[in-house]
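To keep things clear, I will list the structure first and then write my remarks on it.
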Amino acid sequence: MTVISHSKKLIFIHNYKVAGTSIEYALRRYDNKTFWKSGLKDQLAFLTNAYPPVYSSEFSPHITAADLKKNLQYELFSKYFKFGFVRDPWDWQVSMYSYILKTKEHHQHELLKSMNSFDEFIEWRIHEDFHLQKEFFYDEEGKCLMDYIGKFEMLGASMKKLFDMFGLDADLLHLNQSRENTDYLHFYSQRSIDLVAEAYRDDLLAFGYCKPELAGRRKAPEYVHIAANLR
């Protein structure tokens, strides 16, 4: 979910599969999800017009920064500290693939079950359902709309700095994990490595990720170790 905190003047933009559920949970006491789900002090601030009547539940859980900027009725977007996280594009794909396969209610679950390999998933993702992580945080003109974009790989340290910076009494738990700790490159062939590198070039340049080397790594059996128990 998107988080909007009027007391801390914070906005969290929730990119997919970057521990956003954990971040939302950590910030729950500060999030003005609705009037009734806000703390007493915040409720009084709403009633006295100290806070604008803007609540995070009014927006899509994965709304982009550009769309949020368009939909906010007040000049909150420019005044509030906006942050989000990105993830290594190769690991990001594996996390989404694993999550969808284990989540039967996901609208793409049956589609992924019908695929024969992770490489087939990558082909489909790039040609049929392609989205850059950059789309969450940049406008159509290529301007970054965020005050801070952290990396999932350094999530703990980054969130601690934010907690300290804004005086947040919070702990980060890792909820909604897609898989056990696994070397994500075991899912890839050289072809799918190259496909991601080409398709997500803008993300690589924007966020400083590099194409990994597959040479010398033993490739795990495709798909079977994830999906065998789901068929």
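Does MET146 qualify as being within 19 Å of PHE12 (Cα to Cα) and either in contact (Cβ under 8 Å) with a residue 40 or more places away in the chain or in a helix (DSSP H, G or I) (or both)?
Values: within 19 Å of PHE12 (Cα to Cα): yes; either in contact (Cβ under 8 Å) with a residue 40 or more places away in the chain or in a helix (DSSP H, G or I) (or both): yes.
The answer is yes for MET146.
Listed here are the residues, each with its yes/no results for (1) farther than 18 Å from PHE163 by Cβ; (2) more than 20 Å from the chain's Cα centre (by Cα); (3) surrounded by 15 or more Cβ atoms within 10 Å (Cβ to Cβ).
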residue	(1), (2), (3)
ALA19	no, no, yes
GLU24	no, no, yes
TYR30	no, no, yes
LYS33	yes, no, yes
LEU40	yes, yes, no
GLN43	yes, yes, yes
ILE63	yes, no, yes
LEU72	yes, yes, yes
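A single member of ASN49, ASN15 is among the polar types (S, T, N, Q), in contact with a Gly (Cβ under 6 Å, 6 or more places away or on another chain) and in a loop (DSSP other than H, G, I, E, B), and it is ASN15.
Filter region 20-43 down to residues that are among the charged types (D, E, K, R) and free of Cβ contacts under 8 Å to residues at least 24 places away in the same chain and give me whichever is farthest from HIS62 (Cα to Cα).
Of region 20-43, the ones among the charged types (D, E, K, R) are 24, 28-29, 31, 33, 37, 41-42.
From what's left, free of Cβ contacts under 8 Å to residues at least 24 places away in the same chain: 24, 28, 37.
Numbers: GLU24: 12, ARG28: 16, LYS37: 20 Å.
My answer is LYS37.
On the stretch given as region 47-91, residues that are without any contact (Cβ under 8 Å) to a residue 60 or more places away in the chain and small (Gly, Ala, Ser) total 5.
Criterion applied to GLU213, GLU180, GLU153, GLU140 was being surrounded by fewer than 11 Cβ atoms within 10 Å (Cβ to Cβ), closer than 25 Å to THR64 by Cβ and at pLDDT below 95, and the one residue passing it is GLU140.
Would a scan of region 93-109 turn up a residue that is buried (at least 19 other Cβ atoms within 10 Å of the Cβ) and touching a strand residue (DSSP E or B) at 6+ places or on another chain (Cβ under 6 Å)? No; the residues of region 93-109 include none that is buried (at least 19 other Cβ atoms within 10 Å of the Cβ) and touching a strand residue (DSSP E or B) at 6+ places or on another chain (Cβ under 6 Å).
Take the residues in region 195-210 that are within 18 Å of VAL94 (Cα to Cα) and within 17 Å of the chain's Cα centre (by Cα); name whichever of them is surrounded by the most Cβ atoms within 10 Å (Cβ to Cβ).
Filtering region 195-210 for residues within 18 Å of VAL94 (Cα to Cα) gives 195-201, 203-204, 209-210.
Of the ones still in play, those that are also within 17 Å of the chain's Cα centre (by Cα) are 200, 203-204, 209.
Values: TYR200: 25, ASP203: 20, LEU204: 18, TYR209: 21.
Only one residue tops the list, namely TYR200.
The values are calculated or read from the model by the stated rules, or taken from the named source; none is laboratory data. Everything numeric here is computed off the predicted structure, so don't read it as measured data. Because the Cβ atoms are built from the backbone with ideal geometry, glycine has one as well, and the counts that use them run over all protein chains shown.
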